[in-house]
Every structure is written in structure tokens, then in C-alpha cells.
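Laboratory data are not the source of any read-out in this text; all were calculated from the coordinates shown. Model, not experiment: these values are computed from the prediction. No Cβ is skipped: glycine too gets one built from the backbone with ideal geometry, and neighbour counts run over all protein chains shown.
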Amino acid sequence: MAAKDFGAIETDYAFFMSHATEAKSDVQEYARQLARFADNRSVVHLLDFGCGTGEFSRQLLETLAWPTASLYLTLFEPVDHQQETAAERLSRFSDHAIASLGEASYDQRPTFDIILSNHVLYYAEDLGQTVAQLLERLHPEGKMLLAIAGSENALIKLWKVGFGLLDQPIPFYIAQDVETILAVHNVCVDNSPSHYQLRFPDSEENRWKILRFLFGDYLRQIPREKLLEEFDPYVRQDHIEINTFSEHFVVQRNSET
Ligand SMILES: C[S@@+](CC[C@H](N)C(=O)[O-])C[C@H]1O[C@@H](n2cnc3c(N)ncnc32)[C@H](O)[C@@H]1O
């Protein structure tokens, strides 16, 4: 599938993050799933796959408040300077050096107790291969936590309209693809919706920020007016207000794997 450079749309993604309750809902959902996870473990190895600037994991780790002595963090993020920012931002949650998936020491840690991939799998090059590789790295008693929006999400519907205007299918993966791929693995999957709101002052520039975040480089090819109009049904006085939801998958290996 297509690559998306989050370095080029950093401020637009930050705009989305600061005007949506998505991260708050995702944190609540993961915190519920991980409530007792650290209780009987002296160490927890966590991989944040596609960590961005680490702002999401900062909120999650603050909520979990796990002992810094027991938490080991490994990060993977294709935008180098964002991974550096994430490592700095998250260093206070662990007494140990923060590892990177690309470095040699990574092989000394063949499995992770928690693999988190929060709104990343849309952009996998080959979703089947990525999911298989992540599952290989999941400890037999570990949990893989994936958040990704599906076809009923309002922003995925915007993708459908935008890429439809280019006469092409959405070049990214969605929750239904993750579901299909997980079904071929010997894993136990728990799936639940996570509801959130995107609300921002209505202006052409703000609508455009969300569209830049969603479409990246493709936006230059799509007729501007047609896409901007897609926000009209969501006008509430002087704001745009979108209430929608994403899917959360909690994946555990079946005991015989
Ligand atoms: C929507 S952001 C989510 C960032 C962070 N997980 C969060 O929840 O805020 C998607 C992230 O996935 C990263 N990404 C894009 N393609 C990727 C790939 N093929 N593998 C791993 N991460 C990727 C992007 O650089 C970006 O940081």
C-alpha cells in the first residue's frame, strides 16, 4: 500500500490531535484492557510501533502509572526526528535506556509483553507481513493492542469520497483489513469500538488542515471545493463537530501457538 510521510504533515496531525477526543478515548480503552497487567510482573517490555512524537504514549503511560523500574520501552517510528522526540518525552516513564526497533540490542529482546500500534496500520506497506512480524514478537502471555478506524468512521468516509474523486480505491488499510488478516492467525481477538469527537472552529483553513492530515500528498490532485464541502453536514454554529468511532483490537496468542 501507499506510504504516508507524517514528517510533512506534522502540524496538521497535531491540529487533529488537539481538537479530537480520540487520544483520550483510546487511552481509556487501553487502560481498561491493561488495568491489572503489571500487577504480577516484575518487568514489562512494551513496543510502541509507529509512536510518532510519543504524545499518545505519554498520555497512556501517565494514566497507567507503572513503576519506572519495571517498564522497558522500545520504539519504532519511520520519521527519525519524531522518534527522537518520543524517546525524550517517554524517558521519564522508565529507568532503562529506550530502545529502537532498528538497533542491534533489539534482537536481545525477542518478545514484548505489550505491542501497541495506535492508528498506524493504515500505513503498513504490507499489512499481512507487518501483523505476522508483530505477532512473532508477542510474548505468549502478551497483549497486542491495535487501534484503527473502519469503513463506518467519518474520516474513512472522507477518504472514500476523496479517492473516489481520483477514481481510485483508498490506498491505505482500514479496520476491516486488520480483522481479515487476524482471522488467519491462531490468536484470540477482542474487538470493541472507541467513540470520539472531532470539533474545531469552522474555517476553510481548518477544514484544509484536517484534509492535509488525511490525504497527505494526494491532496494536490483532488478538486479542492468538492472535498471542502464534505464538512458542511457537520457544521454546528461556528464549529465543525464530528462524532465517530474507531476499532480497538486486543490480540492474544492462543496457548498452543
Ligand atoms: C496517525 S499517526 C499515530 C502516531 C501515534 N501512534 C499516535 O497515536 O499518536 C501514524 C504514525 O504511523 C507512522 N507510520 C507511517 N507508516 C508507518 C509504517 N509503515 N510502519 C510504522 N509506522 C508508520 C507515522 O510516521 C505516524 O507517526
For this session: Return a whole-number percent for the relative contact order of region 99-190, with Cα pairs under 8 Å and 6 or more residues apart as the contact set.
Result: 30
Exercise. Modelled label-to-label distance, HIS195 and HIS81, 7 Å Cα→beta-carbon offset: nm?
Worked result: 3.9
Seminar exercise, completed: Contour minus Cα-Cα span, ALA132 to ALA14, at 0.36 nm per residue, comes to 39.5 nm
For this session: Could you tell me which GluC sites (Glu not before Pro) in region 177-257 are loop residues by DSSP with no more than 12 other beta carbons within 10 angstrom of their beta carbon?
Result: GLU256
Exercise. So what is the diffusion coefficient of region 52-152 in µm² per second by Stokes-Einstein at 20 °C and 1.002 mPa s, using a Kirkwood Rh over Cα pairs?
Worked result: 148
Problem set entry | Burial order of peptide ranges 137-145, 13-21 (average beta-carbon count within 10 Å, highest first) | 137-145, 13-21
Exercise. For a paramagnetic label modelled at 7 Å from the Cα of GLU230 toward its Cβ, which residues of region 136-170 fall within the zone defined by backbone nitrogen distances under 19 Å?
Worked result: 148-170
Exercise. Please identify the trypsin sites (Lys or Arg not before Pro) of region 1-97 that satisfy two criteria: DSSP loop assignment and at most 10 other Cβ atoms within 10 Å. Which are they?
Worked result: ARG36
For this session: Return the distance in nm (one decimal) between the two label points of a simple spin-label model at GLU204 and GLU152, each offset 7 Å from Cα along Cα→Cβ.
Result: 3.6
Exercise. What whole-number value in cubic angstrom gives the convex hull volume per residue for the C-alpha atoms of region 152-257?
Worked result: 106
Exercise. Distance in nm between label sites at VAL43 and SER70, each 7 Å beyond Cα in the beta-carbon direction?
Worked result: 1.4
Seminar exercise, completed: Of region 126-159, those with amide N under 19 Å from the point 7 Å along the Cα→Cβ vector of GLN176 are 127-128, 147-159
Problem set entry | Computed E for GLU141/ARG92 - FRET, C-beta separation, R0 25 angstrom, nearest 0.05 | 0.40
Problem set entry | Rg over Rh, two decimals, the chain (C-alpha only, Kirkwood Rh) | 0.97
Exercise. Can you give the convex hull volume per residue for the Cα atoms of region 65-214, as a whole number of Å³?
Worked result: 166
